[in-house]
Amino acid sequence: MKKNPRVAIMGAGVAGLACAYELEKMGVQPDIFEMAKQTGSRGFNHTLGWINLMYRPVQDPVMHLKEKYGLKLRAMEEIRRVNFYTANNSATLEGKLGYIFLSGPDERGITSQLKSHIETDIQYESITNFRELSQNYDHVVVATGTPEIPKLCGIWKTDISGYVRGATVKGNFDPKTVGMWMEKTYSQSGYGYFVPWNDRKGSLILNMLEVGEYGAKLCWDNFIDSLGWDVEYEEFYETPHNIGHVSKHQVENLYFVGLAGGFLDPLFAFGSIECLASGAAAAQSIVNGKDFTKLTHMWLRRNQQLLMMRRYVDKFKDEDFDRAFEVIKTPGFRSLVTRTNVNIIYLLSKLTNTFASKKVDRVLY
Ligand SMILES: Cc1cc2nc3c(=O)[nH]c(=O)nc-3n(C[C@H](O)[C@H](O)[C@H](O)COP(=O)(O)OP(=O)(O)OC[C@H]3O[C@@H](n4cnc5c(N)ncnc54)[C@H](O)[C@@H]3O)c2cc1C
């Protein structure tokens, strides 16, 4: 290993900043190139739901980041209740269910918090070419949050083409309660969700699959009609949100992390924790020569399990969603979620892959 490697990081999102933080801890100061004029992922502010259950085998994501990486991140609020709605059913889970964070340029946002942990200056509005960087640096960490560069390198495979529309809404809300809606007319096998900022404001988001911009608008209108909420819509945003994986995370001296490395879960399209973990893993691999795939194996494996579940859920009709949510009402499921650390994702993926007609190959990594 070279003693003081020259490292370039493309993208100052959660993955890129986590990489910078870990590198600095080990005495390496990277150059960070950010295309936008500020940090904040895609430029708009929205809440992030860190629902503990979705990150199993990790029990508590905030504690995990603190214990494993020494990262102290402040949540806006804890999640104490999740209300689920399907076409003809509803269910509620209560307990210590997770955390609410903010994504976007806001100074309370997760990227601002990460930025405050690092010393390196970020070079904003920089237009860089990964091939040139690759020639001028010992290592280049691609943390651009999109599949473009891995596609150019021929290592990307899209598993699900996703599209997100969202809005900031003003009304009266319980700041600890998150809502999730699953109905074919507006989300097909995706879902809508609401995560509050506080008791007066929140982010309403629709995660759609296999629809383009026009279809997404129709789905969004159906979603809003079906909710019939008496709220004020303040800010709208939309973005493609493709989910896929890469065949390898290292190509010559390039590392692919965050969304650019396929670290986004294929069932809920959530990814903050694993994007962070993948950025830190690239730093460990660069400085200590550790195997990147081994360091991130837990997340890659979990995503494969979630992809198995996704393939199964893709075939659901409204009645299937109604029935699935009966399970949430059972005391057994509730205590499994709130009182144990059982890896429910693993168990359910085994079950669903057995029943799914379009099976997912068991081992990608
Ligand atoms: C609307 C929405 C809601 C979400 N909700 C949740 C949630 O509730 N929970 C959850 O866990 N996850 C959620 N996610 C996913 C989560 O936001 C992502 O997993 C995470 O932000 C990805 O981190 P990243 O660092 O890979 O990319 P990003 O955070 O997108 O950062 C990439 C950065 O790279 C910059 N960049 C791009 N191209 C270049 C270039 N060529 N050169 C230099 N810089 C470049 C971008 O400007 C950006 O700052 C959500 C995503 C969206 C879009």
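Condition test on Ala12, is it aliphatic (A, V, I, L, M), closer than 18 Å to Tyr124 by Cβ and touching a residue at least 24 places away in the same chain (Cβ under 8 Å)?
When the stated conditions are applied, Ala12 passes them.
Could you run through segment 139-175 and say how many residues are at positive phi and assigned to a helix (DSSP H, G or I)?
Of the residues in segment 139-175, 0 are at positive phi and assigned to a helix (DSSP H, G or I).
When you check Lys294 against the structure, is it within 20 Å of Arg6 (Cβ to Cβ), surrounded by fewer than 21 Cβ atoms within 10 Å (Cβ to Cβ) and away from the ligand (no atom under 15 Å from the Cβ), yes or no?
Here the answer is no, as Lys294 does not meet what is asked.
Can you name the residue in segment 190-200 that is under 11 Å from Met76 (Cβ atoms) and more than 11 Å from the ligand (Cβ to nearest atom) and is also surrounded by the fewest Cβ atoms within 10 Å (Cβ to Cβ) among such residues?
So, considering only residues that are under 11 Å from Met76 (Cβ atoms) and more than 11 Å from the ligand (Cβ to nearest atom), the one surrounded by the fewest Cβ atoms within 10 Å (Cβ to Cβ) is Asn198.
Among residues belonging to segment 31-45 that are part of a loop (DSSP other than H, G, I, E, B) and more than 7 Å from the ligand (Cβ to nearest atom), point out the one that is surrounded by the fewest Cβ atoms within 10 Å (Cβ to Cβ).
If we take residues in segment 31-45 being part of a loop (DSSP other than H, G, I, E, B) and more than 7 Å from the ligand (Cβ to nearest atom), then Lys37 is surrounded by the fewest Cβ atoms within 10 Å (Cβ to Cβ).
Take Val62 and decide whether it is in contact (Cβ under 8 Å) with a residue 40 or more places away in the chain and more than 20 Å from Ile127 (Cβ to Cβ).
When the stated conditions are applied, Val62 does not pass them.
Just the residues that are among the β-branched types (Val, Ile, Thr), in contact with a Pro (Cβ under 8 Å, 6 or more places away or on another chain) and modelled with pLDDT of 95 or more, please, taken from segment 20-61.
Within segment 20-61, Val28, Thr47 qualify.
So which residues in segment 202-250 are away from the ligand (no atom under 14 Å from the Cβ), part of a helix (DSSP H, G or I) and out of contact with any helix residue (DSSP H, G or I) (no Cβ under 9 Å at 6 or more places or on another chain), if there are any at all?
Once the filter is applied, which keeps residues that are away from the ligand (no atom under 14 Å from the Cβ), part of a helix (DSSP H, G or I) and out of contact with any helix residue (DSSP H, G or I) (no Cβ under 9 Å at 6 or more places or on another chain), segment 202-250 yields Glu213, Tyr214, Gly215, Lys217, Leu227.
Are there any pairs, at least 6 apart or on different chains, whose C-beta atoms fall under 6 Å, with the first in segment 231-251 and of a type in the set (D, E, K, R) and the second surrounded by 17 or more Cβ atoms within 10 Å (Cβ to Cβ), and if so, which?
From segment 231-251, the pairs are Glu234/Thr168; Glu235/Thr168; Glu238/Arg165; Lys248/Ile155.
Only one residue in Tyr163, Tyr214, Tyr233 is aromatic (Phe, Trp, Tyr), surrounded by fewer than 19 Cβ atoms within 10 Å (Cβ to Cβ) and touching a Ser or Thr at 6+ places or on another chain (Cβ under 8 Å), so which one is that?
Residue meeting the stated conditions: Tyr233.
The values are calculated or read from the model by the stated rules, or taken from the named source; none is laboratory data. As the structure is a prediction and not an experimental result, all values here were calculated from the model. Neighbour counts run over all protein chains shown; Cβ positions are idealised from the backbone, glycine included.
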